[in-house]
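Here the structure is laid out as structure tokens; the discussion comes afterwards.
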Amino acid sequence: MIKKIAFISGAFFGSISVLSVLFKLLHYQGATVLLIVGLAGIALVFIPFYAKYSYDKTK
């Protein structure tokens, strides 16, 4: 279950981050909000779940 959450959240927040960079390059509105959401999601959701998954895998 943790593996699935880690990989789905990583793909989701990673794609939001990449999309926000594209929006920044095209000067669209909302790019800053997307960038903050994407990077915060990676930092607060993906990294802890992936760390837990990696720790459980080595145990």
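Of 47, 5, 16, all but one fail to be aliphatic (A, V, I, L, M), part of a helix (DSSP H, G or I), touching a Leu at 6+ places or on another chain (Cβ under 8 Å) and surrounded by 13 or more Cβ atoms within 10 Å (Cβ to Cβ); the exception is 16.
Might you check whether a residue that is at pLDDT 95 or above and either on the phi > 0 side of the Ramachandran plot or among the acidic types (Asp, Glu) (or both) occurs anywhere in region 3-25? No, there is no match, as no residue in region 3-25 is at pLDDT 95 or above and either on the phi > 0 side of the Ramachandran plot or among the acidic types (Asp, Glu) (or both). For region 12-39, which residues satisfy the criterion of being among the polar types (S, T, N, Q) and closer than 26 Å to residue 50 by Cα? Correct list: 15, 17, 20, 32.
Of all residues in region 31-42, exactly one satisfies the criterion of being farther than 26 Å from residue 5 by Cβ and either surrounded by fewer than 17 Cβ atoms within 10 Å (Cβ to Cβ) or in contact (Cβ under 8 Å) with a residue 40 or more places away in the chain (or both), namely 32.
The values are calculated or read from the model by the stated rules, or taken from the named source; none is laboratory data. Bear in mind the structure is a predicted one, so any value in this text is a computation, not a measurement. Note that we place each Cβ from the backbone using ideal geometry, even for glycine, and neighbour counts take in every protein chain shown.
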